[in-house]
Amino acid sequence: MHLIDLIIAPIITEKSELIMNEKKIYTFEVHNKATKPQIKKALQMIYGEAVTKINVASIIKQFGRGAKPSRSTKRNCSKKAMVYFGGNEINYAMNES
């Protein structure tokens, strides 16, 4: 798998926009097998900025809710990476696919 394929899309929600404006932390959806060093290399290659810090969390997507919600979820569909570029701003719109 190529490094560029690890980054699926930027996550743009009200909460991520608030964090981006206040703390300059950007949120991306990444492949579920991606590691922190791979994410760091891929983002540095795409945006050309040095990555200072990365936090990664698994996203659990629910497909339906029933009597037992634990049976209606699919685990490890993707991951969410919260990336700090050292206070530098990047442009999401420039590199969206």
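The values are calculated or read from the model by the stated rules, or taken from the named source; none is laboratory data. Here the structure is a predicted model, which means the values were calculated and not measured. Here the Cβ positions follow ideal geometry from the backbone for every residue, glycine too, while neighbour counts run over all protein chains shown.
Tell me, yes or no, whether segment 66-73 has at least one residue that is surrounded by 12 or more Cβ atoms within 10 Å (Cβ to Cβ) and at pLDDT 70 or above.
The answer is no, given that none of the residues of segment 66-73 is surrounded by 12 or more Cβ atoms within 10 Å (Cβ to Cβ) and at pLDDT 70 or above.
From the list Ala50, Ala34, exactly one residue is under 14 Å from Ala81 (Cα atoms), touching a helix residue (DSSP H, G or I) at 6+ places or on another chain (Cβ under 8 Å), of a type outside the set (D, E, K, R) and modelled with pLDDT of 90 or more. Which is it?
Ala34
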